[in-house]
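Here's the structure, in structure tokens; my notes come after.
The values are calculated or read from the model by the stated rules, or taken from the named source; none is laboratory data. Computed from a predicted structure; not experimentally measured. Using ideal geometry, Cβ is built from the backbone for each residue, glycine included, and neighbour counts are taken over all protein chains shown.
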Amino acid sequence: MNKLQFPKYFLWGGATAANQFEGGWNADGKGPSTSDMLTGGTHTVARRISKEIEEGVHYPSHEAIDFFHRYKEDVALFAEMGFKTFRMSINWTRIFPTGTELEPNEAGLKFYDSVFDELLKYGIEPLVTISHYEMPFGLTKKYNGWAGREVIDCYVRYAETVFNRYKDKVKYWLTFNEINVGTMPLGGYLGLGILNEGTEDFIHQVDVPQLRFQGLHHQFVASAKAVKLGHEINPNFQIGCMIAYMTTYPFTCNPDDILLAQNEMKMHNHFCGDIHVRGEYPYYAKRYFEENNIEIKVKDGDLEILKEGTVDYYTFSYYMSNCASADPNLEATSGNLLGGVKNPYLKASDWGWQIDPKGLRYTLNEIYGRYEIPMMIVENGLGAFDKVEEDGTINDSYRIDYLKEHIVQMGEAIKDGVELWGFTPWGCIDLVSASTGEMEKRYGFIYVDKDNKGVGTLDRKKKASFDWYKKVISTNGEEL
């Protein structure tokens with residue numbers, strides 16, 4: 001095999017989210033976020049959304065893996081692997097506890113000062129998501145989350161605060177994580193903080209599509225305002241979007257399958273990206289809105305704001321691909337946020353997610369061909385049950401194989417002409433699953449001693465993949 005040629009500036013690293021690994025959920029004046037109200041669950045038992053914190057109930061985000069108290073230890077491990085960048089998020093409620101405050105919480109700001117200083121000490125570039133599946137629960141209670149237009153100003157105030165505070169420490173920003181989750185019922189609470197009457201559990205939410213897409217419109221306006229504001233605060237900021245890319249193939253060459261797959265790709269993958277990058281609602285949204293009785297309330301000036309606040313680069317998550325078919329009798333499979341018809345040509349993970357490295361090359365070409373702006377893959381990885389052997393070792397060769405095959409296809413996409421800036425595998429250290437609240441669905445190069453019930457020492461341990469990824473980074477992807 002020819003050696004892969006990654007650009008010299010390529011940003012190798014890892015990715016996390018504050019609500020899934022930070023802990024310290026009420027420390028130093030932090031308020032409750034939407035994720036803090038989610039109880040534990042598994043891939044067979046749905047998480048509950050509680051309106052109040054209940055005694056004796058396990059809330060995985062409250063302690064998570066306690067990065068809040070252990071960040072120096074963890075950053076040192078990332079540095080040992082050779083990270084060039086570290087994707088993390090800021091907990092909104094650490095800065096504005098209810099979301100409505102006019103002045104930020106200084107203790108929260110100081111915490112991130114310390115984290116960024118620690119990263120920069122090792123030459124690691126922070127890549128910061130401003131809002132990653134957590135927003136102040138106070139905004140859910142007051143405005144039903146992003147369904148309320150008032151939240152735009154709350155978000156912009158928050159973004160302006162962190163842009164100003166960290167303008168000399170952070171260059172790379174993302175406005176929202178996987179914003180397109182709002183196109184799906186699961187995203188009502190997860191991405192938009194909408195809690196409709198009658199909703200009890202996370203998976204089976206009472207869904208009002210009108211509210212979801214109105215909330216998405218508010219997020220688009222907020223993102224565009226933040227991009228414009230960020231560039232005014234520091235013209236060197238690079239501010240991007242982040243899409244959960246759910247690659248969908250037609251199951252057969254039946255034209256019904258092809259049209260179905262095309263429509264899924266448009267509304268689930270391209271819709272949000274088109275607005276972020278092109279600055280306008282795409283042509284195909286009109287028919288979708290009409291057929292689903294959705295009428296977006298657009299205020300004067302909104303469309304101009306979308307045009308003025310387009311992103312500098314495009315980032316996405318890629319875990320698997322699915323197939324779409326008009327035949328309702330075919331075997332289904334699960335995936336990140338969205339399932340589909342099982343592809344007979346692919347193997348699957350412990351959680352049934354289909355493994356498709358070549359699909360990543362296809363996806364990179366699809367996105368770059370559409371937008372032709374720089375890209376990063378900011379989530380990719382294999383969730384698996386990891387076994388600690390009697391001698392303490394963790395041989396996660398299956399994770400190495402998964403990542404190796406995906407990196408090969410990244411290299412092929414770069415040869416194709418795709419402008420790829422970086423790669424941050426998801427859960428570079430084991431963390432809490434967003435959808436199920438599990439700890440035992442592990443992605444990391446670093447093992448954390450904790451189980452699904454929240455029991456464990458939280459001790460860190462290197463897996464076999466740790467040294468493998470260290471070598472990948474040190475050779476800039478030439479030795480896999």
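Taking Leu364 as meeting all but one of (1) surrounded by 19 or more Cβ atoms within 10 Å (Cβ to Cβ); (2) hydrophobic (A, V, I, L, M, F, W, C); (3) under 28 Å from Thr44 (Cα atoms), write down the number of the exception.
For Leu364, the exception is condition (3).
It is to be established whether one or more residues within the stretch 418-425 are over 21 Å from Phe78 (Cα atoms), surrounded by fewer than 23 Cβ atoms within 10 Å (Cβ to Cβ) and among the hydrophobic types (A, V, I, L, M, F, W, C).
Yes, the conditions are met somewhere in the stretch 418-425.
Are any of the residues in the stretch 249-257 touching a strand residue (DSSP E or B) at 6+ places or on another chain (Cβ under 6 Å) and within 27 Å of Pro374 (Cβ to Cβ)?
There is at least one residue in the stretch 249-257 that is touching a strand residue (DSSP E or B) at 6+ places or on another chain (Cβ under 6 Å) and within 27 Å of Pro374 (Cβ to Cβ).
What number goes with the only condition from (1) over 20 Å from the mean Cα position of the chain (by Cα); (2) surrounded by fewer than 19 Cβ atoms within 10 Å (Cβ to Cβ); (3) closer than 18 Å to Gly309 by Cα that Asn196 does not pass?
Asn196 satisfies every listed condition except (3).
Does Phe21 satisfy being surrounded by fewer than 23 Cβ atoms within 10 Å (Cβ to Cβ), among the aromatic types (Phe, Trp, Tyr), within 30 Å of Asn452 (Cβ to Cβ) and under 22 Å from the mean Cα position of the chain (by Cα)?
For Phe21, the condition - surrounded by fewer than 23 Cβ atoms within 10 Å (Cβ to Cβ), among the aromatic types (Phe, Trp, Tyr), within 30 Å of Asn452 (Cβ to Cβ) and under 22 Å from the mean Cα position of the chain (by Cα) - is not met.
May I ask you to verify whether Val432 is within 21 Å of Trp353 (Cα to Cα) and assigned to a helix (DSSP H, G or I)?
no
Just to be sure, is Ala261 in contact (Cβ under 8 Å) with a residue 24 or more places away in the chain and out of contact with any helix residue (DSSP H, G or I) (no Cβ under 6 Å at 6 or more places or on another chain)?
yes
Kindly establish whether Asn336 is polar (S, T, N, Q), surrounded by 16 or more Cβ atoms within 10 Å (Cβ to Cβ), assigned to a loop (DSSP other than H, G, I, E, B) and out of contact with any Lys or Arg (no Cβ under 8 Å at 6 or more places or on another chain).
yes
Looking at (1) touching a strand residue (DSSP E or B) at 6+ places or on another chain (Cβ under 8 Å); (2) surrounded by fewer than 21 Cβ atoms within 10 Å (Cβ to Cβ); (3) part of a loop (DSSP other than H, G, I, E, B), which is the one condition that is false for His58?
Every listed condition holds for His58 apart from (1).
Can Asn322 be described as closer than 28 Å to Thr129 by Cα, modelled with pLDDT under 90 and surrounded by 22 or more Cβ atoms within 10 Å (Cβ to Cβ)?
So Asn322 fails the test.
Enumerate the pairs (first residue in the stretch 408-430 and farther than 16 Å from Thr85 by Cβ; second residue anywhere and of a type in the set (D, E, K, R)) with beta-carbon separation below 7 Å, excluding pairs fewer than 6 apart on the same chain, so at least 6 apart or on different chains.
Correct list of pairs: Gln409/Lys358; Gln409/Arg361; Glu412/Arg361; Ala413/Arg361; Asp430/Arg442.
Please determine whether any residue of the stretch 120-128 is under 19 Å from Cys272 (Cα atoms) and of a type in the set (Val, Ile, Thr). Walk me through it before giving the result.
Keep residues of the stretch 120-128 that are under 19 Å from Cys272 (Cα atoms), which gives none.
No, because not a single residue in the stretch 120-128 is under 19 Å from Cys272 (Cα atoms) and of a type in the set (Val, Ile, Thr).
Working only within the stretch 1-23, note down all residues that are over 14 Å from Leu431 (Cα atoms) and either assigned to a loop (DSSP other than H, G, I, E, B) or among the basic types (Lys, Arg) (or both). Before the answer, list the steps.
The first filter runs over the stretch 1-23 and keeps only residues over 14 Å from Leu431 (Cα atoms), leaving 1-13.
Residues satisfying the conditions are Met1, Asn2, Lys3, Leu4, Gln5, Phe6, Pro7, Lys8, Tyr9, Phe10.
Quick check: anything in the stretch 456-467 aliphatic (A, V, I, L, M), closer than 21 Å to Arg47 by Cβ and assigned to a loop (DSSP other than H, G, I, E, B)?
Scanning the stretch 456-467, I find no residue that is aliphatic (A, V, I, L, M), closer than 21 Å to Arg47 by Cβ and assigned to a loop (DSSP other than H, G, I, E, B), so the answer is no.
Only one of (1) of a type in the set (Asp, Glu); (2) loosely packed, with under 15 Cβ neighbours inside 10 Å; (3) under 26 Å from the mean Cα position of the chain (by Cα) is not met by Asp300, so which one is it?
(3)
Any residue in the stretch 91-115 that's farther than 14 Å from Glu134 by Cβ and among the aliphatic types (A, V, I, L, M): show its pairings with residues that are at pLDDT 95 or above and crowded, with 16+ Cβ neighbours inside 10 Å at Cβ separation under 7 Å, as long as the two are six or more apart or on different chains.
Between residues of the stretch 91-115 that are farther than 14 Å from Glu134 by Cβ and among the aliphatic types (A, V, I, L, M) and residues that are at pLDDT 95 or above and crowded, with 16+ Cβ neighbours inside 10 Å, the close pairs are Leu109/Ile95; Leu109/Arg165; Val115/Tyr71.
When you check Thr457 against the structure, is it under 28 Å from Gly240 (Cα atoms) and of a type in the set (Ser, Thr, Tyr), yes or no?
Details: under 28 Å from Gly240 (Cα atoms): no; of a type in the set (Ser, Thr, Tyr): yes.
No.
Could you please find all residues in the stretch 443-480 being free of Cβ contacts under 8 Å to residues at least 24 places away in the same chain and more than 30 Å from Leu420 (Cβ to Cβ)?
Passing the criteria: Asp449, Asp451, Val455, Gly456, Thr457, Asp459.
Exactly one of these conditions fails for Asn236: (1) surrounded by 14 or more Cβ atoms within 10 Å (Cβ to Cβ); (2) under 25 Å from His132 (Cβ atoms). Give me its number.
Against the list (1) surrounded by 14 or more Cβ atoms within 10 Å (Cβ to Cβ); (2) under 25 Å from His132 (Cβ atoms), Asn236 comes up short only on (1).
Given the conditions (1) closer than 26 Å to Leu174 by Cα; (2) out of contact with any Lys or Arg (no Cβ under 8 Å at 6 or more places or on another chain), report the number of the one that Val341 does not fulfil.
Looking at each condition in turn, Val341 falls short on (1).
From the list Phe116, Phe111, exactly one residue is outside any loop (DSSP other than H, G, I, E, B), over 28 Å from Lys299 (Cα atoms), at pLDDT 95 or above and in contact with an Asp or Glu (Cβ under 8 Å, 6 or more places away or on another chain). Which is it? Walk me through it before giving the result.
Values: Phe116 fails: in contact with an Asp or Glu (Cβ under 8 Å, 6 or more places away or on another chain).
So the residue among Phe116, Phe111 that is outside any loop (DSSP other than H, G, I, E, B), over 28 Å from Lys299 (Cα atoms), at pLDDT 95 or above and in contact with an Asp or Glu (Cβ under 8 Å, 6 or more places away or on another chain) is Phe111.
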